[in-house]
Amino acid sequence: MDETTTRELLVTLAASLFNRGYAVGSAGNISVRLADGFLITPTNSSLGRLQAERLARLDVGFNHVTGDPPSKEVFMHRAMYRARPDAQAVVHLHSTMATAVACLGDVDASAPIPALTPYFVMRVGRSLPVVPYYRPGDAAMEPAIHAAALGARAMLLANHGPVVSGPSLTDAVAAAEELEEAAKLFLLLRGQAVRALSTAQVDDLLHVFG
Ligand code: 13P
């Protein structure tokens, strides 16, 4: 996909997320890998009103080259890409349900959401670590995100929100949506006798769908 098409796709997917309530205000940021760098949403921009030509362009070293000033979470995206060479895109949201789970004090920090449905496993994977709280934009979170991303495609930032990577921009957005739905199911079913997928069922899904 050429850069112009990638820019337009990012704007379209971001607006779709915003219009369906996955992002509000100026929360959230999205990046995508290019052949010679990255595109990332500008800081303080609304995902609902991005302009393709104003997206921030970064070089391979994550330095700002052109476009509006980049998201203050560049280092968050950098940690994901550096830990996961397979990642082609990263989506960070403050989506309500996933963020609610990120605020719970009594969940397993290595698996806060059980494997309830196949698509959660297929899109998000086996692991969903919870990274301790850091202030938004605090570069000190980069090592923690990098460490978590070595073993997981997605994570929850405590009291902040989800960060999701994917093998394409479309896949990363789909995974962020699937994570939000899984969080919703988890909260809906809290306190009830849930039948999660077994380890063998999770293994089967990951074997068949990667
Ligand atoms: P930016 O506007 O700098 O991308 O920050 C938004 C956000 O979601 C912070 O976590």
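The values are calculated or read from the model by the stated rules, or taken from the named source; none is laboratory data. Computed from a prediction, not measured in an experiment: that's the story for all the values here. All Cβ positions, even for glycine, are placed from backbone atoms using ideal geometry, and neighbour counts span all protein chains on display. Surface accessibility is based on the protein's heavy atoms, side chains included, excluding ligands, DNA and RNA. Shrake-Rupley method; radii C 1.70, N 1.55, O 1.52, S 1.80 Å.
Angle check, please: helix 74-83 long axis (alpha carbons) against the longest principal axis of the chain (alpha carbons), in degrees 0 to 90, nearest 10.
It works out to around 60 degrees.
With an 8 Å cut-off on Cα pairs and a minimum separation of 6 or more residues, tell me the relative contact order of the chain in percent.
21 percent
Rank these by accessible area, largest first, 1.4 Å probe: 120, 186.
Final ranking, largest accessible area leading: 186, 120.
FRET efficiency for residue 60 and residue 144, Cβ-Cβ distance as r, R0 = 25 Å, nearest 0.05?
Step by step, r from the Cβ atoms, then E = 0.60.
So what's the back-of-envelope 222 nm ellipticity for the chain, counting only DSSP H runs of four-plus at -39500 (n - 2.57) apiece and dividing by all residues, rounded to 500?
The helix contribution divided over the chain gives -12000 deg cm²/dmol.
Taking only the Cα atoms of the chain, how large is their convex hull per residue, in Å³?
108 Å³
Taking only the alpha-carbon atoms of the stretch 44-142, what semi-axes of the equivalent ellipsoid follow from 5 times the gyration tensor eigenvalues under a square root, in whole Å, largest first?
Whole-Å semi-axes of the equivalent ellipsoid: 27, 15, 15.
Carbon and sulfur together cover what percent of the accessible area of the chain at a 1.4 Å probe radius?
54 percent
Which whole-number value in Å² is the accessible area per residue of the chain, probe 1.4 Å?
45 Å²
Not counting ligands, DNA or RNA, and with a 1.4 Å probe, what is residue 110's accessible surface area in Å² rounded to the nearest 10?
70 Å²
Report the one residue of 136, 40, 29 whose Cα lies farthest in the direction of the positive end of the charge dipole of the chain (charges on C-beta: Lys and Arg +1, Asp and Glu -1; origin at the Cα centre).
Towards the positive end, the residue furthest out is 136.
Between helix 169-189 and the chain, what is the angle of the helix's C-alpha long axis to the longest principal axis, kept within 0 to 90° and rounded to the nearest 10?
30 degrees
Tilt of helix 199-209 relative to the longest C-alpha principal axis of the chain, in degrees (0 to 90, nearest 10)?
Helix 199-209 sits at roughly 30 degrees to that axis.
Summing +1 for each Lys or Arg and -1 for each Asp or Glu, what net charge is found among the other residues whose Cβ lies under 14 Å from the Cβ of residue 75?
Net charge in that neighbourhood comes out at +1.
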